[in-house]
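The next block holds one structure in the form of structure tokens; read it before the comments.
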Amino acid sequence: MQRSQQIPSILLFGMPGVGKGTQGALLGTMQGQVHISTGDIFRRLDPDSEDGQVVAHHIDHGELVPDEITVRIWMHWLDQEVTQGRILPGSDILILDGIPRSVRQCELMQDIIEVLAVLHLDPTDDEPIIERLRRRADTEGRADDADEEIIRRRMQIYRDKTSPVVNFYADEIVHHIDPIGTQMEIKKRILEHVIPARRRFEQAG
Ligand code: AMP
């Protein structure tokens with residue numbers, strides 16, 4: 001893709017089950033914002049394709065998909081969305097849910113996206129989140145949520161590989177948000193940071 005500029009982006013960040021998908025979908029309904037869930041992109045891959053098989057193997061084991069493969073698939077998807085006019089690079093803000101998930105991914109993506117804000121959904125206690133994952137296994141039928149051992153493994157990988165992502169970005173744009181509460185309460189906390197980030201971006205442009 002020929003890009004004259006990076007695409008402005010807001011990162012939804014936090015451990016599995018913290019509500020990134022729900023809040024991302026809400027943010028994606030707002031004008032000029034497009035929600036992208038990497039997990040959803042992965043789950044929609046053709047299961048018979050080579051990428052589909054590699055990705056499914058990692059997801060089923062609670063592992064991260066390797067960084068280069070992740071960013072390649074994500075960029076291919078972004079290219080298609082732009083080509084088909086569903087994302088307007090000159091005006092839309094991407095709400096990225098589930099990417100970047102490692103410092104290497106931050107590096108691979110830094111020429112592509114301009115990060116306006118990192119919204120870190122950051123619980124004080126993991127247990128309500130693990131309980132939420134168990135419930136999601138029933139409602140969404142996700143195998144990676146159903147197995148206690150795989151849940152614990154994903155949490156461990158989050159601590160080891162993903163949590164350093166917040167340190168990659170300047171402190172001024174990282175916001176820690178309590179993800180426990182009603183959907184509306186959390187949305188309000190998030191908007192308290194999204195609105196000024198968008199305003200700063202629009203004024204700078
Ligand atoms: P999610 O729906 O965001 O919980 O993602 C489901 C699974 O997809 C994760 O447990 C990983 O196996 C994989 N995945 C999603 N996003 C990424 C990423 N940025 N890097 C590597 N693996 C990912």
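The values are calculated or read from the model by the stated rules, or taken from the named source; none is laboratory data. Since this is a predicted model, take the numbers as computed values, not measurements. Backbone-built Cβ (ideal geometry, glycine too); neighbour counts: all protein chains shown. Calculation scope for accessible area: heavy atoms of the full protein, side chains included, ligands and nucleic acids excluded. Shrake-Rupley method; radii C 1.70, N 1.55, O 1.52, S 1.80 Å.
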Of the residues in segment 179-205, those that are of a type in the set (Asp, Glu) and either open to solvent by 100 Å² or more (accessible area, probe 1.4 Å) or under 14 Å from Leu119 (Cα atoms) (or both) come to Glu192, Glu202
Listed by first then second residue, the pairs whose first member lies in segment 58-78 and is without any contact (Cβ under 8 Å) to a residue 24 or more places away in the chain, whose partner is open to solvent by less than 40 Å² (accessible area, probe 1.4 Å) and aromatic (Phe, Trp, Tyr), with beta carbons under 8 Å and at least 6 positions apart or on separate chains, are Val65/Phe42
Condition set among the acidic types (Asp, Glu) and open to solvent by 30 Å² or more (accessible area, probe 1.4 Å), scope segment 132-172, selection nearest to the ligand (Cβ to nearest atom): answer is Glu140
Across segment 4-22, the tally of residues that are part of a loop (DSSP other than H, G, I, E, B) and within 11 Å of the ligand (Cβ to nearest atom) stands at 5
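Just to confirm my filter: which helices (runs of 4 or more DSSP H) fall fully inside segment 138-205 and include at least 2 residues that are at pLDDT 95 or above? Lay out the reasoning, then the answer.
On the way: elements: 143-146, 148-157, 165-168, 183-204.
Passing ranges, in order: 165-168, 183-204.
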